[in-house]
Amino acid sequence: MDILPFISVVEDLNRDLSDDERYMRLILAIKQAVPCDAIALLKLKGDVLTPLATIGLKHEAMARQFVVKEHPRLEQIIGNPSLTRFESDSNLPDPYDGLVEGELEDSNLLKVHDCMGTQIQIDGQLWGVLTLDALTVGTFDAYNATEIRAYIAAIEAALKTHDHIHDLEDKVDHNQQLVKTLIDQVDHVELIGKSQALVDLQDEIDTVAFTDLTVLVTGETGVGKELTSRLVHQESRRNDQPFIQLNCAALPDNLIESELFGHVKGAFTGASSNRPGRFELADGGTLFLDEIGELPLAAQAKILRAIENGEIQRLGSDQVSKVNVRLIAATNRNLEEAVENGEFRSDLYHRISVYPIYVPSLRERGKDIEILAGYFLERMQQRFGVNKLHLSDDARQLITQYDWPGNVRELEHILSRAALKAIKDQRKQMIITIDHVHLGISVSESNSQSSNTWFQVDEDNGLRELTDQFQIALIRQQLEQHEGKISAAAKSLKLDRSNFVRMLDRLNIPS
């Protein structure tokens, strides 16, 4: 018995090889020990055998899927725990007919050859089969079944070790990715403010959090859609499991699928190791997809499958995995309009918008602006190492009049810059005062005017006309702020949508 070819098999376990390279070197060792014209390693998945590595078969064999019950020889190999050898004149069809390199192509000539195969088992479970073919009859007469099974046992041991290492690497990669994600997470989050709009938002969160319903969080840029999503997770039954997030707009199209579903080593240039995707990392917990409206259509289809069936496939792998993930999506786009334009799948839209939550803009939150400013300044005192940061009266008036197109995020960033400027100007002061000049913002003339200077009472304008003018101006303002979304504008005005639509018709406001 020649064991030299199998020394390299053992040595290979310490080498960084791709799966394809490792499988090829395994069957090469068998071919060196048992010379033949063709050899194939096939893995069983369900009732289908899929080639993982071949020698002596035409390249197209690697693309074949062999349904076991349709191939009597493979069916016999799988059903026999010992070595199966077929007579050269066996009338059973060969699964490799026409696929063996150097095989006679003339249909008038009988294609006879030696053929044998054996099960491969790992831990008592059927893993796949190994087949050997020789074009010369009697090639395998010199080998006995015991000797060949010994070779196969060495291959089984190598495959078991490889699979075990593979699983460990996956777990290490998974844990590293999970730890990296969890380090960035905030332990506890809360809504800052006392406005009615914020109270309504908290009510919505409380209503849906304890369920596993898919949530679509909408609102302008910077309003706090991520914070809202974290609160839904924090108040859910999954709060002891990971909250994993992905900004769909921050990645190029060719990397989104890998980020979502992971990839196997060698799946594409640069894929040097197996890597879990966000769905795997979020298994048991919550996956937050920010800016979901930016996903390409191809990725949308795969996300739909993952949501509906809990099934994912790593890029470059044909293995399907099950995950249990609660999905929360967010967008500042009008997805209904994107569906109409063919930019977003309607089936995915309806699947993710099971429970929509609208996050109000800063303009809708009234005095919450001052409360938020105080919250941010308190945190900045610690970060910048000063005793006290506060706003001057002028600065306070300015932030309440400013339109805040960037909402809460813009407020925080502007206060950070203003605090640094004020600290530089008042380096020796115990109390640092942020004045309006430090904020670097201005209020337009239309914003700074009092609410009643844009209309005048005259002989042509009575109370009814003035009331209509006021309603028209207010409604147009809200529609503009909510990008024409009727439902959002109606909600901001505390009106039922149907009543709001009738009001638009009465006031001749285009909807």
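The values are calculated or read from the model by the stated rules, or taken from the named source; none is laboratory data. This one's a predicted model, so the numbers in the text were calculated from it and none came from an experiment. Note: ideal-geometry Cβ built from the backbone for every residue, glycine included; neighbour counts use all protein chains shown.
List of remarks:
- Residue that is nearest to Arg333 (Cα to Cα) [pool: residues in segment 237-277 that are assigned to a helix (DSSP H, G or I) and not hydrophobic (A, V, I, L, M, F, W, C)]: Asp253
- The C-beta contact set for segment 386-397 (first residue in a helix (DSSP H, G or I), second residue surrounded by 12 or more Cβ atoms within 10 Å (Cβ to Cβ), distance under 7 angstrom, 6+ apart or interchain) comprises Asp394/Asp435; Asp394/His436; Ala395/Ile434; Ala395/Asp435; Ala395/His436; Ala395/Leu439; Arg396/Glu370.
- Residue list for segment 385-399, filter: surrounded by 14 or more Cβ atoms within 10 Å (Cβ to Cβ) and not aliphatic (A, V, I, L, M): His390, Ser392, Arg396, Gln397
- Residue that is assigned by TED's automatic domain parsing to the domain that holds Asp19, within 43 Å of the chain's Cα centre (by Cα) and without any contact (Cβ under 8 Å) to a residue 40 or more places away in the chain, where the choices are Val100, Val48: Val48
- Residue pairs meeting the criteria (Cβ under 6 Å; at least 6 apart or on separate chains; first surrounded by fewer than 18 Cβ atoms within 10 Å (Cβ to Cβ), in segment 415-442; second in a loop (DSSP other than H, G, I, E, B)): Met430/Asn387; Thr433/Ser392; Asp435/Ser392; Ile441/Tyr402
- The residue pairs whose first member lies in segment 82-95 and is at negative phi, whose second member is among the aromatic types (Phe, Trp, Tyr), and whose beta carbons are closer than 8 Å, counting only pairs six or more residues apart or on different chains, are Arg85/Phe140; Leu92/Phe86; Pro95/Phe66.
- Being part of a helix (DSSP H, G or I), modelled with pLDDT of 90 or more and under 20 Å from Asp318 (Cβ atoms) is a condition met by no residue of segment 42-49.
- Meets criteria (modelled with pLDDT under 90, loosely packed, with under 13 Cβ neighbours inside 10 Å and over 24 Å from Asp368 (Cβ atoms)) for Asp468: no
- Residue match in segment 326-338 (condition: modelled with pLDDT under 95, in the same structural domain as Ile292 (by TED's automatic domain parsing) and in contact with a Phe, Trp or Tyr (Cβ under 7 Å, 6 or more places away or on another chain)): yes
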